[in-house]
């Protein structure tokens, strides 16, 4: 028996650890190609790689599971610890740790109870952070200028909202399209809310005064995107008041707790945003009627009070009659009063008239005062001279100071003289240069230089002749050259005597010719 055991052991092939692990892997994957497992989510790990590692357990066993990164991004309900789920995937082994695991391809809560349990847990956690506190909720504007709506642009919800706004009080509406069901619902709704808050007031795109987040009715799974934490935080962080209208009146999501106001339906949300324009007009008309009535009543009561007070006042003729009578009496007394005033002033003037006796008395008084002050004059003059002499002695300078001052003044005089001589020489040089220039200009512009170049000046009867006709009319001609003047003679008939023309002269007897053969007269 012992030998047979040894023979069997020697004949069995020896497998490596990797070969054995691979064989186990093939067996496990072959027997359990695709399985569905129900259990409670235990430990959940989310490393930086993006994969999700978790444990599925019941009261007697634990199954290690993994969800790859590509599947995690598509999950509608990411698993959380304590959630009861149903996972679908394939069973495989992990040779690195000698254990088997479930590669999950799909995972979902195990019924409505699991979703509700997860919802209550998330609600408690967010409420503990204060996101649902009533103190942080903002009041809605009474009549907003711009209303922002986050919903699907193709559903009936937006049509209901626009219809209700148009019927109550038309306002500007900005629609931010968003998916309101499925995997992208939470991210797009949160992005829309944050996008509206990021708009600049007064910019090219107006910033809404209030937001409406709306969706039609549906199951708990359809509305689950509005239970996601990212949407709840976006609503709680919004500086613009938010009204939520998710599902029907009986449907409640976590964003309803974080919103500033919850509407049972999208139409009710539109009614909350704006008042009824007709009601406002009616109220305004009622206020106007009350104002007119109150103003009329006030004017009536004021007029009645004024009339009552007027009865207590005296009549105008009574007040004016007494004053008019007094004025008439004063008018009658005025001539006598003026005559008495003139007489009084005349008497005063006569008393103040300058009689000779009064003038003599005044002269005598002045003379007596002059005789009293005369003996005191020499002594006063002596004292004044003495005082001035002392003052002169105090301010009289010493000889050394005078010599120093004289030397200083001499140096200043010498310096001023030198500066004056330099300025005078410079001014004289400038004048000399200007005079030379004027002389040169005079010489250049004078006709003497022109005569030196071969020209001549012809004068007839003392005036310069510039043409043949004028020369013939002249009684006497005189030609001035550069070296002197030449008189031609007198003409008795008013014409010049005949003379032999010089070489190059004009046959018509023109004036003297210049070097160019042309007659030039100056």
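Laboratory data are not the source of any read-out in this text; all were calculated from the coordinates shown. This one's a predicted model, so the numbers in the text were calculated from it and none came from an experiment.
Tabulated results
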| item | result |
| --- | --- |
| Spherically averaged projected area in nm², based on the convex hull that wraps the Cα atoms of region 15-110 | 6.6 nm² |
| Cα long-axis angle, helix 399-445 against the chain (0 to 90 degrees, to the nearest 10) | 90 degrees |
| Binned Cα-Cα distances of region 362-491, short to long, each 5 Å bin given as a whole percent | 2, 7, 7, 7, 6, 5, 5, 5, 4, 4, 4, 5, 4, 4, 4, 4, 4, 5, 5, 6, 3, 0 |
| Alpha carbon convex hull of region 240-338, volume per residue in cubic angstrom | 249 Å³ |
| Helix axis angle, 2-11 relative to the chain longest principal axis, alpha carbon, degrees | 40 degrees |
| Directionally averaged projected area (convex hull, Cα atoms, the chain), nm² | 111.7 nm² |
| Radius of gyration and Dmax over the Cα atoms of region 134-275, both given in Å | 13.6, 40 |
| Convex hull of region 67-200 built on C-alpha atoms - directionally averaged projected area, nm² | 12.9 nm² |
| Relative contact order of region 156-208, pairs being alpha-carbon contacts under 8 Å that are 6 or more residues apart, as % | 19 percent |
| Rounded Å value of the spacing that divides the Cα centres of region 210-284 and region 324-349 | 98 Å |
| Estimated 222 nm signal from helices in the chain, with DSSP H stretches of n ≥ 4 weighted -39500 (n - 2.57), rounded to 500 | -17000 deg cm²/dmol |
| Folded to 0 to 90 degrees: helix 316-351 orientation relative to the chain principal axis, Cα | 30 degrees |
